[in-house]
């Protein structure tokens, strides 16, 4: 037979109408101190704001407010030193703090519960936590952007192969390739900022679901805690977790982008590609093969994406069918958020260091930039410039490629006369177009891979990374 807790356990914020406490198995299912203790800063901040409101409406007098605030500061110091005395009877961080306040202040400690519920308390704590998480992640994204910008600047005019379907397509600048990730990451930072803006609303004063009768001022809570506004509806306040879902969605997309970058680094570091070498500090060896140099950090970054995606799916599944207003299922909101953000806080500095450690092989990249008939499109577009419909030009150049394949050469290995003979509008000078550097520089639109365009991209990318880092 399982044990039961006493109906009046001090670590619980409920129980007066019960004659016996919960069964031990039921208790263990509901206890959340193992993870919600991460919210102690936010919970104490909300408690300070609430104490001020209780003083305003007369539940506390000036002396009681001072004693309460001083006790909350002592409580914060215990948490900061990781010395807060959690007990097995503490159900969650909110109950643990109240139990400690009662032990510290006697009946005064019990006054803090007036006018608030765990429902609005936890929703507000999580909003505060997510707000800080968005700021942290944007800063870390900015650091990764800066590492990519530095590599792009250091290799500004280096040729590289551009791929589609993991097949060589057209020559590009290595910098252009690296900067593509800067803009992907900048959208990630934008999504995190958007999520932050929408979650930046105070919900205190909502009580369990309908507000309170004590005359508490929601706007005062918002001002005290630095929220930009007050949520409009008390039921929405305690029941909705779309703010957490939006953060998780932004995290999942960011993790996918990091996974793609990790995958490219893994490919570049292979002997088959040979484009880049990962620094020793971000590589590992093999337990049996002495020669191995493995890009494990990039692989782990790639692997962690699945975990973050799973966190999003987990919370979506939890909230998909919950009736209004609060349901205990929402206890499951915190762990996926903590896990996703914590994972990215590990991943982002690691992949930033990996990118900064890369050394590139200029000759290997340049050789690959012209392989695989990468200049075929340039030849087709030259036919277009000379008045040939692109459909016909595409067929003509396809025949030229087939001829080169039978000869075992690339386009630049054909005799200029053979190229001129491919179509009446071509002349022997068309062979001069088959130069990767010229091909890159001809793509000089604002979004293209020409050196002039990439230099302007770099200017904008430096600004973007500085903004996200808060410089």
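The values are calculated or read from the model by the stated rules, or taken from the named source; none is laboratory data. Keep in mind that what you see is a predicted model, and the values were worked out from it rather than measured. Because the Cβ atoms are built from the backbone with ideal geometry, glycine has one as well, and the counts that use them run over all protein chains shown.
Checking the conditions here, which among 91, 64 is crowded, with 20+ Cβ neighbours inside 10 Å and either at pLDDT below 95 or closer than 20 Å to residue 204 by Cβ (or both)? Reasoning before the result, please.
Values: 64 fails: crowded, with 20+ Cβ neighbours inside 10 Å.
Answer to the selection: 91.
Would you call residue 204 more than 26 Å from the chain's Cα centre (by Cα), in the same structural domain as residue 345 (by TED's automatic domain parsing) and over 30 Å from residue 375 (Cβ atoms)?
Values: more than 26 Å from the chain's Cα centre (by Cα): yes; in the same structural domain as residue 345 (by TED's automatic domain parsing): yes; over 30 Å from residue 375 (Cβ atoms): yes.
Here the answer is yes, as residue 204 does meet what is asked.
Every residue in the stretch 361-394 that is outside any helix (DSSP H, G or I) and either touching a strand residue (DSSP E or B) at 6+ places or on another chain (Cβ under 6 Å) or surrounded by fewer than 16 Cβ atoms within 10 Å (Cβ to Cβ) (or both), please. Working first, answer last.
Applying the first criterion (outside any helix (DSSP H, G or I)) to the stretch 361-394 yields 361, 370-375, 386-389.
Residues satisfying the conditions are 371, 372, 374, 386, 387, 389.
So which residues in the stretch 413-470 are under 27 Å from the mean Cα position of the chain (by Cα) and in contact (Cβ under 8 Å) with a residue 40 or more places away in the chain? Can you show your working first?
Filtering the stretch 413-470 down to residues under 27 Å from the mean Cα position of the chain (by Cα) leaves 447, 454, 456-470.
Once the filter is applied, which keeps residues that are under 27 Å from the mean Cα position of the chain (by Cα) and in contact (Cβ under 8 Å) with a residue 40 or more places away in the chain, the stretch 413-470 yields 454, 457, 458, 461, 462, 464, 465, 466, 467, 468, 469, 470.
Does residue 162 satisfy the condition of being surrounded by fewer than 21 Cβ atoms within 10 Å (Cβ to Cβ) and in contact with a strand residue (DSSP E or B) (Cβ under 6 Å, 6 or more places away or on another chain)? Give the steps one after another, and end with the answer.
Details: surrounded by fewer than 21 Cβ atoms within 10 Å (Cβ to Cβ): yes; in contact with a strand residue (DSSP E or B) (Cβ under 6 Å, 6 or more places away or on another chain): yes.
Considered against the rule, which asks whether it is surrounded by fewer than 21 Cβ atoms within 10 Å (Cβ to Cβ) and in contact with a strand residue (DSSP E or B) (Cβ under 6 Å, 6 or more places away or on another chain), residue 162 comes out as yes.
Residue check: is residue 182 closer than 30 Å to residue 364 by Cβ, part of a helix (DSSP H, G or I) and within 26 Å of the chain's Cα centre (by Cα)?
Details: closer than 30 Å to residue 364 by Cβ: yes; part of a helix (DSSP H, G or I): yes; within 26 Å of the chain's Cα centre (by Cα): yes.
When the stated conditions are applied, residue 182 passes them.
Every residue in the stretch 395-412 that is touching a residue at least 24 places away in the same chain (Cβ under 8 Å) and assigned to a loop (DSSP other than H, G, I, E, B), please.
As a first pass, look at the stretch 395-412 and keep what is touching a residue at least 24 places away in the same chain (Cβ under 8 Å): 396-397, 400-401, 404, 410-412.
The one that is touching a residue at least 24 places away in the same chain (Cβ under 8 Å) and assigned to a loop (DSSP other than H, G, I, E, B): 410.
Considering 422, 464, which residue is buried (at least 16 other Cβ atoms within 10 Å of the Cβ) and not in a helix (DSSP H, G or I)?
Details: 464 fails: not in a helix (DSSP H, G or I).
The conditions single out 422.
Looking at this structure, is residue 353 in a helix (DSSP H, G or I) and within 30 Å of residue 154 (Cα to Cα)?
Values: in a helix (DSSP H, G or I): yes; within 30 Å of residue 154 (Cα to Cα): yes.
Considered against the rule, which asks whether it is in a helix (DSSP H, G or I) and within 30 Å of residue 154 (Cα to Cα), residue 353 comes out as yes.
All but one of (1) crowded, with 17+ Cβ neighbours inside 10 Å; (2) touching a strand residue (DSSP E or B) at 6+ places or on another chain (Cβ under 6 Å); (3) not in a strand (DSSP E or B) hold for residue 219; which doesn't?
If we test residue 219 against (1) crowded, with 17+ Cβ neighbours inside 10 Å; (2) touching a strand residue (DSSP E or B) at 6+ places or on another chain (Cβ under 6 Å); (3) not in a strand (DSSP E or B), just (1) comes out false.
So for the stretch 342-357 (the condition being modelled with pLDDT under 95, in the same structural domain as residue 252 (by TED's automatic domain parsing) and surrounded by fewer than 18 Cβ atoms within 10 Å (Cβ to Cβ)), does at least one residue qualify?
The first filter runs over the stretch 342-357 and keeps only residues modelled with pLDDT under 95, leaving none.
Scanning the stretch 342-357 turns up no residue that is modelled with pLDDT under 95, in the same structural domain as residue 252 (by TED's automatic domain parsing) and surrounded by fewer than 18 Cβ atoms within 10 Å (Cβ to Cβ).
Can you go through 280, 333, 327, 296 and tell me which one is crowded, with 18+ Cβ neighbours inside 10 Å and in the same structural domain as residue 234 (by TED's automatic domain parsing)?
333
Just give me the residues in the stretch 399-418 being within 14 Å of residue 377 (Cα to Cα) and surrounded by 13 or more Cβ atoms within 10 Å (Cβ to Cβ), in sequence order.
If the condition is that a residue be within 14 Å of residue 377 (Cα to Cα) and surrounded by 13 or more Cβ atoms within 10 Å (Cβ to Cβ), then 400, 401, 410, 411, 412 are the ones that fit.
Checking residue 201 against (1) crowded, with 18+ Cβ neighbours inside 10 Å; (2) over 18 Å from residue 129 (Cβ atoms); (3) in contact (Cβ under 8 Å) with a residue 40 or more places away in the chain, which single condition isn't satisfied?
(2)
Modelled with pLDDT of 90 or more, part of a helix (DSSP H, G or I), buried (at least 18 other Cβ atoms within 10 Å of the Cβ) and out of contact with any helix residue (DSSP H, G or I) (no Cβ under 6 Å at 6 or more places or on another chain), is that true of residue 440? Break it down stepwise before answering.
On the way: modelled with pLDDT of 90 or more: yes; part of a helix (DSSP H, G or I): yes; buried (at least 18 other Cβ atoms within 10 Å of the Cβ): yes; out of contact with any helix residue (DSSP H, G or I) (no Cβ under 6 Å at 6 or more places or on another chain): yes.
Considered against the rule, which asks whether it is modelled with pLDDT of 90 or more, part of a helix (DSSP H, G or I), buried (at least 18 other Cβ atoms within 10 Å of the Cβ) and out of contact with any helix residue (DSSP H, G or I) (no Cβ under 6 Å at 6 or more places or on another chain), residue 440 comes out as yes.
Being touching a strand residue (DSSP E or B) at 6+ places or on another chain (Cβ under 7 Å) and assigned to a loop (DSSP other than H, G, I, E, B) is the filter here; which residues of the stretch 229-246 pass it?
231
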